[in-house]
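The structure appears below as structure tokens.
The values are calculated or read from the model by the stated rules, or taken from the named source; none is laboratory data. Just so we're clear, the structure is a prediction, and the values are computed from it rather than from any experiment. Glycine gets a Cβ as well: all are built from the backbone with ideal geometry, and neighbour counts include every protein chain shown. The accessibility values were calculated without ligands, DNA or RNA, using every heavy atom of the protein model including side chains. Shrake-Rupley method; radii C 1.70, N 1.55, O 1.52, S 1.80 Å.
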Amino acid sequence: MTFLPDTGYVPTDEDRTSLDAWFAEYDAQSAKRNVERMADMAVFPLNLVSDDAAGNGRSAQWDREQFVATMTQVMGEGSEDITFESTRTPVFLSASMAVVFTDSTMTQAGQSTQLRYADILIRRDGKWAFQTMIQGGWGDNL
């Protein structure tokens, strides 16, 4: 059982539904390698937090151009869709801020990879967007 921290904010059904819908759309675009549409769902500059091969914490800020170039390279070429099976645990800090922890299995060309990451999303004008991506192991690429 996972115990979530008491942030002082109790999310509404709409908070959770809208966040789930955002992730469903993002996963669908990721599956198609539609990196431009993925970028539309972010706030730039985008914060990235990771660690490097030496075990040091790293951070960076990317503009849209760098996000598109890097994600295009990471996701690779191909016409075969990528599939994701994800379990998400959101922690709402307010109606417009959430930290979302994700455990996911990504399958591409018959190869499955386990992923664990967190995203910080903000809601502006009623729409969610990711602003910070946190995942171990990517620091050498930042």
What number of residues within region 38-48 satisfy the criterion of being over 11 Å from Q131 (Cα atoms) and either of a type in the set (S, T, N, Q) or in contact with a Phe, Trp or Tyr (Cβ under 9 Å, 6 or more places away or on another chain) (or both)?
1
Can you pull out every residue in region 88-137 that is farther than 14 Å from F23 by Cα and among the polar types (S, T, N, Q)?
S94, S96, T105, T107, Q108, Q111, S112, T113, Q114, T132, Q135
Only one residue in L48, L4 is hydrophobic (A, V, I, L, M, F, W, C), over 23 Å from F84 (Cα atoms) and in contact (Cβ under 8 Å) with a residue 12 or more places away in the chain, so which one is that?
L4
Candidate set from region 21-49 (those that are acidic (D, E) and under 12 Å from the mean Cα position of the chain (by Cα)); member that is farthest from R116 (Cα to Cα):
E25
Return the residues of region 32-62 that are open to solvent by 20 Å² or more (accessible area, probe 1.4 Å), outside any strand (DSSP E or B) and on the phi < 0 side of the Ramachandran plot; say none if nothing qualifies.
K32, N34, E36, R37, D40, D52, A53, A54, N56
Take D27 and tell me if it is of a type outside the set (S, T, N, Q) and modelled with pLDDT under 95.
yes
Quick check on my filter: what residues within region 56-91 are more than 18 Å from N141 (Cβ to Cβ) and in contact with an Asp or Glu (Cβ under 6 Å, 6 or more places away or on another chain)?
F84, T87
Quick check: is even one residue across region 8-24 closer than 23 Å to G137 by Cα and surrounded by 13 or more Cβ atoms within 10 Å (Cβ to Cβ)?
yes
Where a residue in region 74-99 is among the small types (G, A, S) and its partner, wherever it lies, is exposed (fewer than 12 other Cβ atoms within 10 Å of the Cβ), with Cβ under 8 Å and at least six apart
G78/A109; A95/T12; S96/R124
